[in-house]
Amino acid sequence: MNRTALVALTLLSTAALAATTPRARPTLQRAATQVGLVFDVGGRGDRGFKDAADQGLMRAASELGVKATVVEPRTDAVGALRRIVAEKPALAVGVGFTFSEPMHALAREFPGQSLVCVDYAPVDGQAMPPGLLGIRFKEQEGSFLVGALAALVSKGNKLGFVGGMDVPVIRRFQAGFLAGARHVRPDVEVKTVYVAKGPEGFASPGLGKSQALALYDQGVEIIFHASGATGLGVFEAAKERGKLVIGVDADQWSAAPGHVLTSMVKRVDTAVYDAIKRVQDGTFKGGVVDLDLKSGGVDYVYNENNRKLIPDDVRARVEALRGEIVAGKIVVPAQ
């Protein structure tokens, strides 16, 4: 066999071997699900609503491998939200009721885009656009329980409520708290203060402290706050006066250890995580969802930290009220 024929045979043999020998396939990396989250007022650090939303997103990043973008706008929150939506992530999350109307407009402007509004408030005269999921909570049900708890624990008959802004979502906290307190003690008085007329009421710890000090000085024993980061000032007032306070949205014991009777929790973290998971597994749908006491969307804190502040008979009474609400025997007013 001449050299030319030998070379040709060698090349053919090599080609045949390459055709029959399995080769390692290149690793195909799945692109991470892109999720953008924008806060309407303020940002992380409130130890409540905003931090809970962030925790849900961070859990999704850790467990589901999503790529998270968080925006904490100091001004023009709506503009920041629009920029995120325009980037067309797999999901854009707006955290705060003030985003409700802008997200309606964005859902129409970007059809096919998946959007979530946490603490969604219906927009008058507008049907829910496809692609927009509005997450609401029945805050009044959890607030009923902490109202009853406060009234049963207090020695006098004066309780307080500090709201960030007089809007429907905050009125649900106030209405439930008042109803629960009066259900167990009809003579109870609930002194109510709304910190501001605008969204700044959720980001003003100094005002929260001054309002809370005034309430404590009027004989109020326990204050329930629903005021976002403004509540950090309420905790400071409770520590200064040696009084009790009820936290909101998340377990806020760490804000004033020994002074936090309980917290009315909203599972914002779980709601955000579940929405992201539904996008990733292809089951996401628009519409409105209401999370209540029965579904675990709202609750109150009872654990090793605050157990010593709540007598066993009081705990039993509050749990009995829970059962009545879940069974529909007690319908808690929302306003």
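The values are calculated or read from the model by the stated rules, or taken from the named source; none is laboratory data. Quick caveat, the model's predicted, so the values are computed rather than measured. Heads up, the Cβs are rebuilt from the backbone with ideal geometry, glycines too, and the neighbour counts pull from every protein chain shown. The accessibility values were calculated without ligands, DNA or RNA, using every heavy atom of the protein model including side chains. Shrake-Rupley method; radii C 1.70, N 1.55, O 1.52, S 1.80 Å.
Below is a table of values for the structure above.
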| quantity | calculated |
| --- | --- |
| Cα-based convex hull volume of region 206-246 per residue, rounded to whole Å³ | 51 |
| Stokes-Einstein translational diffusion, region 104-150 - Kirkwood Rh over all Cα pairs, 1.002 mPa s, 20 °C, in µm²/s | 170 |
| Solvent-free Debye scattering, log10 I(q)/I(0), computed from the Cα coordinates of region 245-295 at q = 0.15, 0.27, 0.28, 0.29 Å⁻¹ | -0.56, -1.01, -1.04, -1.08 |
| From the C-alpha gyration tensor of the chain, square roots of 5λ in Å | 52, 22, 19 |
| Peptides ranked, highest mean first, by Cβ atoms within 10 Å: ranges 134-143, 162-171 | 134-143, 162-171 |
| Computed lengthening from GLU304 to GLU324, 0.36 nm per intervening residue step minus Cα-Cα distance | 4.7 nm |
| Sequence ranges 214-225, 298-309, ranked by mean other-Cβ count within 10 angstrom, highest first | 214-225, 298-309 |
| Highest-first arrangement of 267-279, 69-81, 102-114, where packing means the average Cβ count within 10 Å | 267-279, 102-114, 69-81 |
| P(r) of region 30-131 over all Cα-Cα pairs, binned every 5 Å from zero, in whole percent | 2, 14, 25, 25, 19, 11, 3, 1, 0 |
| Using a Förster distance of 22 Å, the FRET efficiency for ARG317-LYS294 (Cβ separation, nearest 0.05) | 0.70 |
| Pairwise centroid distance, computed over Cα atoms, of region 125-159 with region 280-307, Å | 12 |
| Whichever lysines have a C-alpha closer than 17 Å to that of LYS67, once near sequence neighbours (fewer than 8 apart) are set aside | LYS88, LYS277 |
| Interatomic Cα distance distribution for region 37-195, bins of 10 angstrom, percent | 10, 32, 29, 18, 9, 1 |
| Using distinct alpha-carbon pairs, which all enter the 1/r mean, Kirkwood radius of region 250-333 in Å | 15.1 |
| Compactness of region 170-276 - radius of gyration and Dmax, Cα, Å | 14.0, 46 |
| Label point distance in nm, LYS155-THR270, each placed 7 Å from Cα along Cα→Cβ | 3.7 |
| Spread of Cα-to-Cα distances over 10 Å intervals beginning at zero, given as percent, for region 191-335 | 10, 32, 34, 20, 4, 0 |
| Charged-residue dipole, Cβ positions (Lys, Arg, Asp, Glu), the chain about Cα centre, Debye nearest 20 | 840 |
| Spatially proximal lysines relative to LYS158 (Cα-Cα < 20 Å; intrachain offsets below 8 disregarded) | LYS191, LYS209, LYS239, LYS243 |
| Percent accessible area from carbon and sulfur atoms, region 141-284, protein chains only, probe 1.4 Å | 50 |
